[in-house]
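J.: This is the structure I have questions about; it appears just below.
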Amino acid sequence: MSSNFTVKRLCEQCGNVFEAKTTVTRFCGKLCNKRNFKQRIRGVKMAAMDEVVKSILDKPSDDLKATEFLSVRLAAKLLGASQKIIYSMIRSGRLKAVNLSKRKTTVYRKEIDNLFALPEIDSTNISLKPEIVECYHMAEAQEKFNISEKALYELIKRNHISKFQAGWYTYVAKSDLDKIFCLTV
């Protein structure tokens, strides 16, 4: 039996309007039907491959956590950084590594863990801010010791002298600078 009616439908593959002879027709022709079928099969295969790739990518991260010595490539993968960043950290001294040969650099896993360790604060060495009358402001210190601004800042930095700012001026304890210039009172 054939039907005597036609229904206007929208092709699910190409989006064109066509006249269908049944109410369940989904595609405008055989070509669109084949293309849709291949697209569905490809989607199923890709989903399966994505699962395999995801399982492979997740597995090495578990192995990295148990490994004691890492190559630069694995250290970069563990930190989620590039190899250039790891080499830069090695050159700057923030990360210690050993060159086993010309092409093999190894990083100790504990060194990477130490990057994230918080420094311990020695509560006995914490000093309170001295009174302003017991301090030189920077221009006053430059004038008294006859040194340039850059030299004064380098001296403060090199000797780990604390400084603080109050209002417009930056202050340094008189006793600290006097010790450096041997002017102990």
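The values are calculated or read from the model by the stated rules, or taken from the named source; none is laboratory data. None of the values given here were measured: they were computed from a predicted structure. Backbone-built Cβ (ideal geometry, glycine too); neighbour counts: all protein chains shown. Calculation scope for accessible area: heavy atoms of the full protein, side chains included, ligands and nucleic acids excluded. Shrake-Rupley method; radii C 1.70, N 1.55, O 1.52, S 1.80 Å.
Residue-wise test of (1) acidic (Asp, Glu); (2) at pLDDT 90 or above; (3) surrounded by 12 or more Cβ atoms within 10 Å (Cβ to Cβ).
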| position | (1), (2), (3) |
| --- | --- |
| Lys96 | no, yes, yes |
| Leu128 | no, no, no |
| Glu134 | yes, no, no |
| Asn159 | no, no, no |
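J.: Considering region 99-117 alone, what residues qualify as being more than 13 Å from the chain's Cα centre (by Cα), of a type outside the set (Lys, Arg) and either in a loop (DSSP other than H, G, I, E, B) or surrounded by 11 or more Cβ atoms within 10 Å (Cβ to Cβ) (or both)?
T.: If the condition is that a residue be more than 13 Å from the chain's Cα centre (by Cα), of a type outside the set (Lys, Arg) and either in a loop (DSSP other than H, G, I, E, B) or surrounded by 11 or more Cβ atoms within 10 Å (Cβ to Cβ) (or both), then Leu100, Thr105, Thr106, Val107, Tyr108, Glu111, Ile112, Asn114, Ala117 are the ones that fit.
J.: Here's another thing I want to ask about it. Those residues that are surrounded by fewer than 11 Cβ atoms within 10 Å (Cβ to Cβ), assigned to a helix (DSSP H, G or I) and of a type in the set (A, V, I, L, M), I need them from region 16-52; list them, please.
T.: Ile41, Val44, Met46, Ala47, Ala48, Met49, Val52
J.: Could I ask something else about it? Within region 136-146, can you find the residues that are surrounded by 15 or more Cβ atoms within 10 Å (Cβ to Cβ) and aliphatic (A, V, I, L, M)?
T.: Across region 136-146, the qualifying residues are Met138, Ala141.
J.: So, one more: In region 53-65, is there at least one residue being open to solvent by less than 100 Å² (accessible area, probe 1.4 Å) and either part of a loop (DSSP other than H, G, I, E, B) or aromatic (Phe, Trp, Tyr) (or both)?
T.: no
J.: Which pairs have Cβ atoms under 9 Å, sit 6 or more apart or on different chains, and link a residue in region 102-126 that is hydrophobic (A, V, I, L, M, F, W, C) and at pLDDT 85 or above to one that is assigned to a loop (DSSP other than H, G, I, E, B) and open to solvent by 90 Å² or more (accessible area, probe 1.4 Å)?
T.: Val107/Lys96; Leu115/Arg94
J.: Let me ask something additional. Failed condition for Trp168, given (1) in contact with a Leu (Cβ under 8 Å, 6 or more places away or on another chain); (2) outside the structural domain of Lys77 (by the TED database); (3) at pLDDT below 90, with all others met?
T.: (1)
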